[in-house]
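Quick notes on the structure that follows.
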Amino acid sequence: MKPKFLVARLMRRFPFLYPILVHLIQWTAARFTVGVTGVVFNDRGEILLLEHVFRGRYPWGLPGGWVRRRERPQDALRRELMEEVGLAVRVGPPVMIELNGPPSHLETGFLCEVEGKVDHLSGEILAARWVHPDDLSGDLYWLDQEMIRRALEKRRAGDGD
């Protein structure tokens, strides 16, 4: 009998082996922090940009934050937008997943549609503005620029859902 069939047979016969296997994999698997970013469009096709307190070289950028333990990136993005600017959004498809920034950091970006309005600015945000894609300046971080480019492509192709 081939080894893979033997292993499959053992796993089916002794289901308690699976949690042990998962534990071993978790013990040896890579660890990453995960960030989430939203390319948020309003009904006029404008993109939300925020002036962030903690960003030095590129203070203006897309909204986002950190994903908490056991939190889905889409849920983290909804939470971050609500905390930072009081904005409800519909999170659509991913536009980018990138190993970027600090070592062991995975950044995820999503296409979003606004479902409310900015009603406050948290202590992390200095200002918020809606910008038409044609009016975006080049002083955005390269990752924000790439996420915007990909989100625009998805919207034009009708892949926003």
* Report the net charge of residues surrounding Asp119, where surrounding means a beta-carbon distance below 14 angstrom and charges are Lys +1, Arg +1, Asp -1, Glu -1. => -2
* Structure fact -> Protection proxy (average C-beta count within 10 Å per residue), highest first, orders 68-74, 113-119 as 113-119, 68-74
* Net dipole in debye of region 32-156 [+1 Lys, Arg Cβ; -1 Asp, Glu Cβ; about Cα centre; nearest 20] -> 360
* Asked: Are there chymotrypsin sites (Phe, Trp or Tyr not before Pro) in region 52-161 that DSSP puts in a loop and that have at most 14 other Cβ atoms within 10 Å, and which ones?
  -> Phe54
* Asked: Which label marks the calculated value of Rg and Dmax of the Cα atoms in Å, given the options (i) 20.0, 66; (ii) 19.0, 69; (iii) 19.2, 61?
  -> (i)
* Just for the chain, what percent of DSSP beta bridges are antiparallel, to the closest 5? -> 70
* To do: Note down the nm distance, to one decimal, between modelled labels 7 Å out along Cα→Cβ at Ala157 and at Ile20.
  => 4.5
* Work out the FRET efficiency for Glu113 and Arg70 from their Cβ-Cβ distance, taking R0 = 22 Å, and round it to the nearest 0.05. => 0.25
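No value in this document is a laboratory result; all are computed from the given coordinates. Note that this is a predicted model, so its numbers are computed, not measured. Because the Cβ atoms are built from the backbone with ideal geometry, glycine has one as well, and the counts that use them run over all protein chains shown.
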